[in-house]
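Structure first, then comments.
The values are calculated or read from the model by the stated rules, or taken from the named source; none is laboratory data. Computed from a predicted model, the values in this text were never measured in an experiment. Backbone-built Cβ (ideal geometry, glycine too); neighbour counts: all protein chains shown. Ligands, DNA and RNA are excluded from the accessible area calculation, which covers all protein heavy atoms including side chains. Shrake-Rupley method; radii C 1.70, N 1.55, O 1.52, S 1.80 Å.
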Amino acid sequence: MTTLEPATDATQDNLAALESEAIHIFREVAGEFDRPVILFSGGKDSTLLLHLAIKAFWPAPVPFPLLHVDTGHNFDEVIDFRDRVVEQHGLRLVVAKVQDWIDDGRLEERADGMRNPLQTTPLLDTIAENKFDAVFGGGRRDEERARAKERIFSLRNAFGQWEPRRQRPELWNLYNGRHRPGEQVRVFPLSNWTEADVWNYIAREKVELPSIYYAHRREVYQRDGMWLAEGPWGGPRPDEAVQELTVRYRTVGDGSCTGAIESTAATVDEVIAEVSASRLTERGATRADDRMSEAAMEDRKREGYF
């Protein structure tokens, strides 16, 4: 079993600086925008985002609602955790269900059953319906190349699309939230965090996460080098054998395209040790939707996705 030394002073200083930056961003948005909203799925990054928002406005309540674009292909542990957190903090949660868009014909089910790529239309429709002008997301620059190019205040046009040439410089932590009517700004307070920073901060603050992020026994099958679990999104093909393994999830999304990793890391300290030794980002290692093409994420961002 790996034993970790306590976090160094340098690590604590770095976490304090990242926390201060994120809290500053939340307060800037509260002062500049009329109708912000926080994307919250119950995953680790959105849970950390909510934790920082609570700290930013404590002892007052968080002045923004939460929004979850629900694919319907969820892990039960994550949805149970989401609902419990919302109730615990007395928050308002807006849920946009992809299934509703499929049922009324605005979307069609994909042949591969994957619903993550279908989230864009419900997201944009819900933003427009509620007139949200700033949308907080938990994206980080270390996750993927397209996200590495994004500003903390990311301007989107009236169609919700990301236009790299229209992004503004962010010198000296000065953020420009000006936008025309109908446009919106996506805000990423965790942009400068790494996966290791996230877990070290979770350890420091004792942030609760869904149990799925820690080692547990689960029936899985292998497809395209990833361990997938059976669920309402489907199951193994005839040539894919089901095995019961000790696994955990590094990132959580649509169950049809989110893979588990074999792991015995059952505590936060063990996860930190595992993440420190990894040479693959969590999305690169476990998300099939990001493998659809070399520019899969960038293409989706240009369409309005996060």
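So what is the 222 nm mean residue ellipticity for the chain from helices alone, if each DSSP H run of at least 4 adds -39500 (n - 2.57) and you divide by all residues, rounding to the nearest 500 deg cm²/dmol? Let's see the in-between values first.
Numbers: 10 runs with 107 residues, N = 306.
Using -39500 (n - 2.57) per qualifying helix, the result is -10500 deg cm²/dmol.
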Checklist line | Vicinal HN-Hα couplings computed from phi for the range 35-49 (Karplus, 6.51 cos²θ - 1.76 cosθ + 1.60; Hz; Gly/Pro x) | finding: 9, x, 8, 10, 5, 9, 10, x, x, 5, 5, 6, 5, 5, 4
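Quote to one decimal, in nm, the extra length available between residue 87 and residue 58 on full extension: 0.36 nm per residue of separation minus the C-alpha distance between them. All intermediate terms of the calculation are to be shown ahead of the outcome.
On the way: separation 29, 0.36 × 29 = 10.44 nm, distance 1.72 nm.
Working it through step by step, the gained length comes to 8.7 nm.
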Next item on the list: May I ask you to derive the FRET efficiency for residue 273 and residue 125 from their Cβ-Cβ distance with R0 = 51 Å, giving the value to the nearest 0.05?
Entry: 0.75
Notebook entry, point to check: Which distance in nm do the two modelled labels at residue 163 and residue 219 give, with both placed 7 Å along the Cα-to-Cβ direction?
Noted result: 5.1
Checklist line | Overall dimensions of the chain by Cα: Rg and Dmax, Å | finding: 19.0, 57
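Using alpha-carbon pairs under 8 Å, 6+ residues apart, how would you state the relative contact order of the range 209-291 in percent? Please list the in-between numbers first.
Values: 130 pairs, mean separation 25.0, N = 83.
With pairs under 8 Å counted, the relative contact order is 30 percent.
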Checklist line | Most fluctuating residue given options 250, 204, 115, as computed from a GNM of the chain linking Cα atoms under 10 Å | finding: 204
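When a/c reaches 1.5 or more, the comparison of a/b and b/c decides; with that in mind, is the range 103-153 rounded, prolate or oblate per its Cα gyration tensor? Write down the numbers at each step before the final one.
On the way: a/c = 3.85, a/b = 1.33, b/c = 2.88.
Oblate shape, in that a/c is at least 1.5 and b/c is the bigger or equal ratio.
Roughly what % of Cα-Cα distances in the range 209-291 sit above 15 Å, to the whole percent?
Values: 1904 of 3403 pairs.
Percentage above 15 Å: 56.
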Check: Quick one: which of 172-185, 65-78 comes out on top by average Cβ neighbours within 10 Å, and what's the full order, highest first?
Finding: 65-78, 172-185
Next item on the list: State the percent of C-alpha pairs, over all pairs in the range 182-235, separated by a distance greater than 19 angstrom.
Entry: 58
Check: Which Rg and Dmax, in Å, describe the Cα atoms of the range 112-185?
Finding: 13.5, 45
Item checked: Long-range amide H partners of residue 227 with built H, under 5 Å -> 260
Next item on the list: Please work out the average accessible area per residue across the range 20-94, using the 1.4 Å probe convention, and give it in Å².
Entry: 42
Note to self: Through the Karplus equation 6.51 cos²θ - 1.76 cosθ + 1.60, θ set to phi - 60°, convert the phi angles of the range 59-67 into ³J(HN,Hα) values in whole Hz; use x for Gly and Pro.
What the structure shows: x, 6, x, 4, x, 10, x, 10, 9
Check: Ignoring ligands, DNA and RNA, what percent of the 1.4 Å accessible area of the chain is carbon and sulfur?
Finding: 49
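Skip the ligands, DNA and RNA, and give the accessible area per residue of the range 104-254 with a 1.4 Å probe, whole Å². Display every interim value, and only then the final one.
Numbers: 7220 Å² over 151 residues.
Heavy-atom accessible area per residue stands at 48 Å².
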